[in-house]
Amino acid sequence: MNENHAKLMPSPEWAAHIQDEVLPLATEGVELGADLLELGPGPGAATEWLRHRVGRLIAVEREEDAVARLIGRFAGTNVEAMPGDAAALGFPDASFDTVATCTMLHHVPTRALQDKVLAEAHRVLRPGGTFLGSDSLPSDGLHQFHEGDTYNPVEPAAFLTRLQVAGFAEITLRVGYNLIFTARKKGAS
């Protein structure tokens, strides 16, 4: 994480953006269920909002210092933070009702690894479960903001097909100043 992220991500303004603008759209019409997996929570802005809407939230974060802060922040709640790789999750198939990720995918360094994240989200979802989230759209300003950090933005037009290839159906993409998506794993046959 570069200095720009270190300042923005834990700020009240960022939390307000995620909680007031992004998550209400991403979860609109979605039954989150009891068990939610959050990928790449960073400082936990989305975690704070989501945890009040589910019975159990598992937050998987690759940066060890962020995991330690999440553990401290959410001690005694329904949140369990742990280190891990979103492209190689250590959970059994069909473990979660919902998988969520907010503005994390552009930090995954390659398209192939992003596709592994999508495949892992699909694998750990229960039949009928939902993968939801958001990501930043490509721009010169965001490229500069990410100087010294990984910046591999998702192209919305290709993202639909990528979600389909991962096995998702009932996909909704909302493209404005950012990308907000929901995608459902097909139910049991």
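The numbers here are math on the coordinates, done by the rules we state, and not lab data. Computed from a predicted model, the values in this text were never measured in an experiment. In this analysis, Cβ positions are derived from the backbone assuming ideal geometry, glycine residues included, and neighbour counts consider all displayed protein chains.
Numbers below:
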{"quantity": "Within straight-line cross-link reach of Lys116, lysines at Cα separation under 23 Å, skipping those fewer than 8 residues along the same chain", "calculated": "Lys185, Lys186"}
{"quantity": "Highest-fluctuation residue, His143, His106, His122 considered, GNM on the chain with Cα pairs under 10 Å", "calculated": "His143"}
{"quantity": "Under 15 Å from the Glu63 label point (7 Å along Cα→beta-carbon), backbone N, the stretch 143-170", "calculated": "145-152"}
{"quantity": "Axial C-alpha extent at least 18 Å, average Kyte-Doolittle at least 1.6 - helices from the chain (DSSP)", "calculated": "none"}
{"quantity": "P(r) histogram, all alpha-carbon pairs of the stretch 110-189 included - 10 Å bins from 0, percent", "calculated": "18, 47, 27, 7, 1"}
{"quantity": "The stretch 1-78 and the stretch 141-160: distance between their alpha carbon centers, rounded to Å", "calculated": "20 Å"}
{"quantity": "Shape box of the stretch 21-156 [Cα atoms, principal axes, largest first, Å]", "calculated": "40, 32, 30"}
